[in-house]
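What follows is calculated from the coordinates using simple rules that are stated; it is not laboratory data. Keep in mind that this is a model prediction, so the values were computed, not measured. Counting neighbours? That spans all protein chains shown, and the Cβs are built from the backbone with ideal geometry, glycine included.
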Amino acid sequence: MKILDFIKNNILVLDGGMGTLLQSRGLGAGELPERWNITHPDIVRSIHQSYYDAGANSVSTNTFGANLLKFSREELEEVIKAAIENVRAAKEASENKSEKFIAFDIGPLGKLLKPYGDLDFEDAVALFAENVKLAEKYGADYIFIETMNDSYETKAALLAAKENSSLPVFVSNAYGSDGRLMTGASPAAMIALLEGMGADAIGANCSLGPDQLVSVANELLKYASVPVLLKPNAGLPEIRDGKTVYDITPDQFAKKVSELVDLGIGIAGGCCGTTPEYIEKLSALCCDKKPRAIEKKNHSLVSSYTHAVDLNNSPILIGERINPTGKKLFKQALRDHDLDYILKEGLDQEAAGVHILDVNVGLPEINEAEMIREVVCELQAICPLPLQIDTSDPEAMESALRRYNGKAMINSVNGKPESMSAVFPLVKKYGGVVVALTLDENGIPTDADGRIEIAKKILAEAEKYGIDKKNIIFDTLTLTVSSDKNSAMVTIEALRRVKNELGANTVLGVSNVSFGLPNRDVLNGIFFTCAMENGLSAAIMNPYSAEMMKAYHCFKVLHGLDENCAEYIDFASNLTNITANSPQSAIKSEKNDSTESLKDAIIKGLREKAREITVKELESSKPLDLVKENIIPALDTVGKGFETGKVYLPGLLMSAEAAKTAFEPISAALSQEKDNSERMTIVMATVKGDIHDIGKNIVTLLLENYGFKVIDLGRDVSPERIVEEAIAQKAPLVGLSALMTTTVPAMEETVKLLRASLPDCKIMVGGAVLTEEYAKMIGADFYAPDAMGAVRIAESICVS
Ligand code: B1M
């Protein structure tokens, strides 16, 4: 039986943990577990068989970390071939009579993708592709992508699976206790992305126990139209007698997971800490249950790397400003490749309250496919809003969709056969909600009937590609009312009928209605209200227009879509200038200044802008004042946002990058002032396990500026390496930095080792988590609260 047929009528019981079982059978620290497929096949097979014997219907190959970053091409093939053979042998040897499948396991590559890390998206796709091809070649039943904690890497893996094999693909992510992936995605965002790209089952594994995964499971079930899988840990980890153990028993585990099966989970197993005993209990409770019929959910989701936007709820605002049409400065920015100009336009619209950003960068004299890909990559690195890929060129559309970290809105397709045959395959492959213009080879019908007919034709054609109605949003086309007095009402009638008769969503670019008329915003605002009253799902609009925003917020309040009128109150109380002559300026003027300070540029992660402002500021400010007054407060703000769950890791990384670019001209300015009389050698390092080095670099720079020779060992440096260098340099002073509570023990360890090896060497410590008291407690000689404090300490040692 094929696995996809099996899961229609049966609960699929998966296996449990592998790593700890291998360790208990002798796998040493630092050994690659995947190599055991070749070196210890009997042990690997016996573990697999114990899971089949316990009642698992599916066992995963021991290939979690097998990839070309760790193995040569030849070795990889050997490992994968052996891994699949090991599961097959276990399957044949098991006397359990239930249906059995072989899952080919794919785990994360262990590297962050650009721009947060150094691995290119296409390189990640190529790495995963290698595994997928071998999985199919050696006979796995399906691909199981698991424990992914980054949406972009998950997309790379799924794309590789889809492009390189015909096997079914299940995808499972590791959610944290905040219910999100490490890089920020919510379960709804992952459903949007993965279902859009055709994953056959979607779920969660690892990181938490079944109790903590209940809300993730519920959210997955709420949005998914494919089977949902769950593979929790055996509860939460605890350290007992120096060993990691998990806090729930096999019975408790099985009971909880089987309750979740009753709620709709169709595929269940265990992850870290679970053993064949857990799976046996789980199988006993679940194997006779029948899965719930998969209900097709009607959520029209678009998503970014953090969240999903549902077009079925209240009206959605799509910012129209990233578009060169009629904008001289924007066109020039495109010709000059001035990406910061475009990014700022995105961030300003986000601040103005839009939910989605339209991205149109088409100019005849530029390479649109390259430019749109670049803009999409840069925008998604700093802005969490979903994007609408707006281009009529299918090559540009694909180039943007491929790199987009989420499920995009796609603008647009129309009723012409050549448009549908070019765009629908892209929607099917990459996922997306596509804007469908109700026009075709005969032009735009002048009446609503004609537009409805085209809409029906588009729906019928989309169905042939397997594209659901929920992933089509109809634009019934706003024409200029001053050139045809009936046009606005035809558009509205068509819109109402699309909504009511076809049950599909609708979108309009509202501003067209007022071309050629004075005070266009007034008319646009009323037209927008009229459209919303008739079922408009989303508007492509100018968020700096007070009239449009007034219409939107009033509509929401009056329709009971604004809980406690909170959004309205926030909007209206800030709109001090509603009656001024230029309503647009009331909103826009506030936003214009928003990235003019270095602090803001760093908070927003604008790297080039940060450098540019720094260079300018250095003409009138002291380098260290810029650090104190801008860089540190900016990083503090982002750090607080991160702590409170408002900023995710990518945002933190982009701000750190912006701080680094700001630091380059500061560093150059400081070295010009440098006092070259070298006074003393200091060995400096961020301690083991800690990769924060911005603060340490500032301290180093200032010490050098004051004439000290600093040997900077970098970050994540082991105690042994620090001691080795301190001995080699006969250093009278060692400086240690640590930014996390979890790395203070490494600092203490380093202090102890230094004391033992170099009793005369003084030790200075610093970093945000430390205090004077802490420094004493761990045995350091000095605590420096900041860079200047470090200089004073170094000077005091120099003198003595
Ligand atoms: Co992370 N990070 N981070 N981070 N990060 C913090 C430290 C955190 C407080 C944020 C938060 O949650 N609020 C938190 C630690 C929580 C805790 O333990 N209490 C945290 C976390 C949790 C993490 C990760 C675990 C996140 C994750 O992956 N889930 C991860 C850790 C990875 C690891 O280290 N193993 C992580 C990663 C990162 C980035 C890579 C994204 C980036 C670092 C980039 C880099 O350094 N190259 C980053 C950043 C930027 C921060 C914040 C926002 C800013 C740190 C900073 O550079 N501050 C930070 C929040 C915060 O501190 N507000 C945060 C500016 C810098 C100039 O100040 O380093 O304090 P500081 O240095 C000062 C003084 O302390 C002193 O002088 C400097 C200048 O005045 N000083 C010394 C420092 N060292 C000294 C040594 C001396 C003397 C003085 O003598 C030797």
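Label reach from K469 (point 7 Å along Cα→C-beta): in region 532-553, amide nitrogens under 17 Å belong to 535-537.
Mind giving me the FRET efficiency for M680 and I294? R0 is 41 Å, r the Cβ-Cβ distance, nearest 0.05 is fine. FRET efficiency, M680 to I294: 0.05. Enclosing the Cα atoms of region 33-171 in their convex hull gives a volume equal to 93 cubic angstrom per residue.
Here the Kirkwood formula, the inverse mean of 1/r across different C-alpha pairs, assigns region 178-278 a hydrodynamic radius of 14.0 Å.
K776: which lysines have alpha carbons under 17 Å from its alpha carbon, excluding same-chain residues fewer than 8 sequence positions away? Filter leaves K752, K762. Between the beta carbons of A668 and K97, assuming R0 = 56 Å, the FRET efficiency works out to 0.15 to the nearest 0.05. Length available on full extension from L32 to D247: 0.36 nm per residue minus the Cα-Cα distance, which gives 74.7 nm. For q values of 0.15, 0.18, 0.25, 0.31 Å⁻¹, compute log₁₀ I(q)/I(0) with the Debye formula on a Cα-only model of region 476-519, without solvent. Treating every Cα as an identical point scatterer, log10 I(q)/I(0) equals -0.38, -0.52, -0.82, -1.06. For region 589-661, the set of trypsin sites (Lys or Arg not before Pro) satisfying both a DSSP loop assignment and a count of at most 15 other C-beta atoms within 10 Å is given as K646.
Note on D570 and S166: their simple-model spin labels are 5.0 nm apart, each label 7 Å out from Cα toward Cβ.
Cα-Cα over 28 Å: which of K255/K429; K428/K485; K456/K485; K137/K289; K114/K550?
Values: K255/K429 39 Å; K428/K485 39 Å; K456/K485 26 Å; K137/K289 34 Å; K114/K550 39 Å.
Beyond 28 Å: K255/K429; K428/K485; K137/K289; K114/K550.
Shape class for region 620-733: oblate, because the ratio a/c of the largest to smallest gyration tensor axis (alpha-carbon atoms, square roots of eigenvalues) is 1.5 or more and b/c is at least a/b.
In whole angstrom, how far apart do the alpha carbon centroids of region 95-125 and region 37-87 sit? Value for the Cα centre distance between the two parts: 14 Å. Binned at 5 Å from 0, what are the whole-percent values of the Cα-Cα distance distribution for region 296-378, short to long? Going from the shortest bin to the longest, the percentages are 3, 13, 23, 22, 16, 11, 8, 3, 1, 0.
Could you work out how much longer the chain between S24 and K616 gets when fully extended? Use 0.36 nm per residue separation minus the Cα distance between them, nm to one decimal. Can you show the working numbers first?
Values: separation 592, 0.36 × 592 = 213.12 nm, distance 6.08 nm.
Length gained, S24 through K616: 207.0 nm.
For the pair N500 and L263, a Förster radius of 35 Å applied to the C-beta separation gives a FRET efficiency near 0.55, rounded to the nearest 0.05.
Within 10 Å, count the other beta carbons around each residue, average over each peptide in 360-366, 203-209, and list them highest first. Intermediate results must be reported in sequence, preceding the final value.
Working: 360-366: 15.1, 203-209: 24.9.
With the highest mean Cβ count within 10 Å placed first, the list reads 203-209, 360-366.
In the P(r) worked out for region 606-646, what percent of Cα pairs fall beyond 16 Å? Across region 606-646, Cα pairs with separations above 16 Å total 44 percent. Starting from the Cα of K91, draw a straight line to each of the aspartates and glutamates and keep only those under 15 Å, dropping any in the same chain fewer than 8 residues away. Filter leaves D15, D42, D53, E99, D141.
Between the residues V510, A746, P210, the greatest Cα displacement towards the positive end of the dipole of the chain, with unit charges on the Cβ of Lys, Arg, Asp and Glu, is found for P210. Distance from the Cα centroid of region 268-328 to that of region 146-216 is 8 Å (rounded to whole angstrom). In summary, the chain shows an alpha-carbon radius of gyration equal to 1.06 times the 2.2 N^0.38 Å reference for compact globular proteins. Taking only the C-alpha atoms of region 359-464, the Rg (one decimal) and the largest Cα-Cα distance, Dmax (whole number), read 14.5, 43 Å. When a/c is below 1.5 the answer is rounded, else prolate if a/b is larger than b/c, else oblate, so apply that to region 500-563 with a ≥ b ≥ c taken from the square roots of the Cα gyration tensor eigenvalues. Here region 500-563 falls in the oblate category. Each of the peptides 476-485, 104-113, 47-56 was scored by the mean count of other Cβ atoms within 10 Å over its residues; in descending order, highest first, they stand as 47-56, 104-113, 476-485. Take the Cα of K709, step 7 Å toward its Cβ, do the same at K70, and the gap between the two points is 4.3 nm. Here K344 is the anchor, and the lysines within straight C-alpha reach of less than 17 Å, apart from those fewer than 8 places off in the same chain, are K327, K328, K331, K588, K591, K599, K604, K609.
Listed peptides 312-320, 64-72, 128-136 appear in the order 128-136, 312-320, 64-72 once ranked by packing, highest mean of other Cβ atoms within 10 Å at the front.
How long is the gain from N313 to L363 if the chain were fully straight, where each residue apart is worth 0.36 nm and the alpha carbon distance is subtracted?
Working: separation 50, 0.36 × 50 = 18.00 nm, distance 3.46 nm.
Fully extending the segment from N313 to L363 adds 14.5 nm.
What residues from region 686-708 fall in the zone where the backbone N is under 14 Å from a label point 7 Å along the Cα-to-C-beta line of S757? Those under the cut-off are 688.
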